[in-house]
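What follows is a set of notes on a single structure, which appears directly below.
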Amino acid sequence: MPDMDGFELLKHINSEMDLPVILISADARKQVVMKGVTYGACDYLIKPVRIETLKNIWQHVVRKKARNTA
């Protein structure tokens, strides 16, 4: 993204929308993972990601969102 990095995009999404975000990155450094969660990510997955893992986490996020809005 030429105008912003992924963390800035995450901040923008969280300030403008009620949209759960799962970050996926090859960067496994603890400070980067914590930054993503601090900026509002629901989860942070390290590449390579298995499709089964992604499906399970997404189902958890959807269920959590449904509980919070009920």
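Where a number appears in this text, it was derived from the coordinates with a stated rule and is not lab data. What you are looking at is a predicted structure, and each value in this text was computed from that prediction instead of being measured. Cβ sites come from the backbone with ideal geometry, for glycine too, and all protein chains shown count toward neighbours.
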task = Using the charge dipole of the chain (Lys, Arg: +1 at Cβ; Asp, Glu: -1 at Cβ; taken about the Cα centre), state which of His60, Leu45, Ser15 has its Cα farthest towards the positive end.
result = His60
query = Can you give the extra length, in nm with one decimal, that the chain gains between Met4 and Ile57 once fully stretched, where that is 0.36 nm per residue apart less the Cα-Cα distance?
reply = 16.5 nm
ask   = For Ile24, which sequence-distant residues (separation of 5 or more, or a different chain) have an amide H within less than 5 Å of its own amide H, given hydrogens modelled in the peptide plane?
value = Leu45
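Restricting to DSSP loop positions (anything but H, G, I, E, B) with no more than 12 other Cβ atoms inside 10 Å of their own Cβ, which trypsin sites (Lys or Arg not before Pro) remain in the chain?
Filter output for the chain: Arg29, Arg50.
To the nearest 0.05, how large is the calculated FRET efficiency for Ser25 and Ala70 if R₀ is 35 Å and r is the Cβ-Cβ distance?
Numbers: r = 32 Å, r/R0 = 0.91.
My answer for the efficiency is 0.65.
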